[in-house]
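The values are calculated or read from the model by the stated rules, or taken from the named source; none is laboratory data. Everything numeric in this text was worked out from a predicted model, so none of it was measured. Ideal geometry is used to build each Cβ from the backbone, glycine not excepted, and the neighbour counts take in all protein chains shown.
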Amino acid sequence: MMPRILPANPGAVPILVWARALPPGAEKQLRHIAAQPYAVEHVAAMPDVHVSSGVAVGTVFATEHHVVPGALGGDLGCGVSAYRFSAPETPLGRDVLEPLLARLARLVPVGDTVHRGRGVPLPPELESPPLSTQKLRHAWERLAPRHLGTLGGGNHFLELDRDAEGHVWLLLHTGSRGVGAAIADHHLRVAQAQGEGSLPGLSTRSPEGLACLADTGLACRFARANRDAIAARAVEVVAEALGVAPDPESFVDVHHNHVAEEPHFGRMLLVHRKGAVGLEAGQRGLIPGSMGTASYVVEGRGEPRAFRSCSHGAGRVLTRTEARARIRPAALEHAMRRVVFDQGRTASLVEEAPAAYRDITEVLEDEADLLTPLRRLTPIAVLKG
DNA sequence: ATGTGC
């Protein structure tokens, strides 16, 4: 079964594919990575692999001492957090969920909305971190206080789910906002100017490579702090509105756009994941479905050939442009008939409709050797970015 | 996904 092995081209490493359907454009992008001088062992494609700018989403690969800014995704540190609450005593009808969602929408700035004025206080360690250039320090100083605790746009979301036992879950998907974008953009330019390979990588034996690793790490810490800041407010509101307590043991957080130094195949490697999640064997993770479909709490199986990784979601099958052209708002309304959401935004939300994404159950089937599903979460209310 | 420059 999985994975399929695409034999190596001359001078390239092989590609291991966990996706039943590999879009031709994505295969081309995987072959591009596999042919880079810094790629070692093989390239792994997760089951939600799809074409993206430069490098396919769902790509995992490793280097010995190179960092490739173009292979991490623009939203560095983007990820998902989840909190479980006890089962509420009363049924959660629209009468409860609609005002709760409205409260959450007032509490959490969404889309391109930011905190006004000087913004919110940053945790001390993120107040003025040691970024590599004056330009980045300035961007951080200006953007970080305005963006901490904001959801952003695109596929970012905050939602409430229910599991089979009646527990309520808060799920949160967001990233490093403007500061991460500034950091990603800067190191992409540096790599284009002086990196190695046609998909430029920076040697971590050079100041540029070390600076890229350090700054990228800070973007990931900001992304995590952003999820924590939003959750701190949202958990309180949900607990109060539903009269249920969060279970601190239930917390799960994963990020899916990052580079990490990890031991694989007997040596330390720099594992790059663009739209993929790294999970040690037994570590819990989250795989969100598309808007209106189920998400899963999962447990990693530590498959070495996947660099101990799995998918980050359902994976797009239609681009945003294609989705706008092909999916009617009525179809999205039907798909969302059991979920409380802002119906005034149906027309623009077709880009995020379930029909624009792969079926999450097929994605999980394809990666049965990478993870074990623990709980299926059904959405009941969604706040989209 | 993003802020910014066209």
Inset, instruction - Check whether at least one residue in the stretch A:291-309 is within 16 Å of DNA strand B (Cβ to nearest atom), out of contact with any Gly (no Cβ under 9 Å at 6 or more places or on another chain) and either within 14 Å of residue A:367 (Cβ to Cβ) or acidic (Asp, Glu) (or both), and report yes or no. - result: no
Legend entry - residue A:365 being closer than 30 Å to residue A:17 by Cβ and in a helix (DSSP H, G or I): yes
Inset, instruction - Output yes when any residue across the stretch A:356-378 is touching a residue at least 24 places away in the same chain (Cβ under 8 Å), over 30 Å from residue A:279 (Cβ atoms), away from DNA strand B (no atom under 16 Å from the Cβ) and among the aliphatic types (A, V, I, L, M), and no when none is. - result: no
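For the stretch A:147-163, enumerate the residues that are within 12 Å of DNA strand B (Cβ to nearest atom), out of contact with any Ser or Thr (no Cβ under 6 Å at 6 or more places or on another chain) and either over 19 Å from residue A:314 (Cβ atoms) or among the hydroxyl-bearing types (Ser, Thr, Tyr) (or both).
Scanning the stretch A:147-163 gives A:147, A:148, A:150.
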Inset, instruction - Please work out which one of (1) over 30 Å from residue A:236 (Cα atoms); (2) part of a helix (DSSP H, G or I); (3) out of contact with any Pro (no Cβ under 8 Å at 6 or more places or on another chain) is the condition residue A:70 fails and give its number. - result: (3)
Inset, instruction - Output the qualifying pairs, or none if there are none: Cβ atoms under 8 angstrom, residues six or more apart or on different chains, first residue in the stretch A:107-122 and of a type outside the set (Val, Ile, Thr), second residue more than 15 Å from DNA strand B (Cβ to nearest atom). - result: A:107/A:233; A:107/A:234; A:107/A:237
Legend entry - Residues being within 18 Å of the chain's Cα centre (by Cα) and of a type in the set (Lys, Arg) - total across the stretch A:55-106: 0
Inset, instruction - For the stretch A:149-159, indicate whether the set of residues that are among the small types (Gly, Ala, Ser) and surrounded by 22 or more Cβ atoms within 10 Å (Cβ to Cβ) is non-empty. - result: yes
Inset, instruction - Go through the stretch A:234-259 and count every residue that is out of contact with any Phe, Trp or Tyr (no Cβ under 8 Å at 6 or more places or on another chain) and either over 18 Å from residue A:174 (Cβ atoms) or surrounded by fewer than 15 Cβ atoms within 10 Å (Cβ to Cβ) (or both). - result: 7
Inset, instruction - Examine the stretch A:139-146 for a residue that is among the hydrophobic types (A, V, I, L, M, F, W, C) and away from DNA strand B (no atom under 12 Å from the Cβ), and state whether such a residue exists. - result: no
Inset, instruction - Confirm whether residue A:166 is surrounded by fewer than 24 Cβ atoms within 10 Å (Cβ to Cβ), within 16 Å of DNA strand B (Cβ to nearest atom) and not in a helix (DSSP H, G or I). - result: no
Inset, instruction - Go over the candidates A:214, A:191, A:232 one by one and state the one that is modelled with pLDDT of 95 or more, under 19 Å from residue A:37 (Cβ atoms), small (Gly, Ala, Ser) and more than 18 Å from the chain's Cα centre (by Cα). - result: A:191
Inset, instruction - Filter the stretch A:182-195 for residues that are near DNA strand B (Cβ under 9 Å from one of its atoms) and surrounded by fewer than 19 Cβ atoms within 10 Å (Cβ to Cβ) and give the result. - result: A:185
Legend entry - Total residues in the stretch A:23-37, condition crowded, with 22+ Cβ neighbours inside 10 Å and in contact with an Asp or Glu (Cβ under 7 Å, 6 or more places away or on another chain): 0
Inset, instruction - Just name the residue that is farthest from DNA strand B (Cβ to nearest atom) out of those in the stretch A:69-94 that are modelled with pLDDT under 95 and touching a Ser or Thr at 6+ places or on another chain (Cβ under 9 Å). - result: A:73
Inset, instruction - Evaluate the following for residue A:291: is it surrounded by 23 or more Cβ atoms within 10 Å (Cβ to Cβ) and either in contact with an Asp or Glu (Cβ under 7 Å, 6 or more places away or on another chain) or polar (S, T, N, Q) (or both)? - result: yes
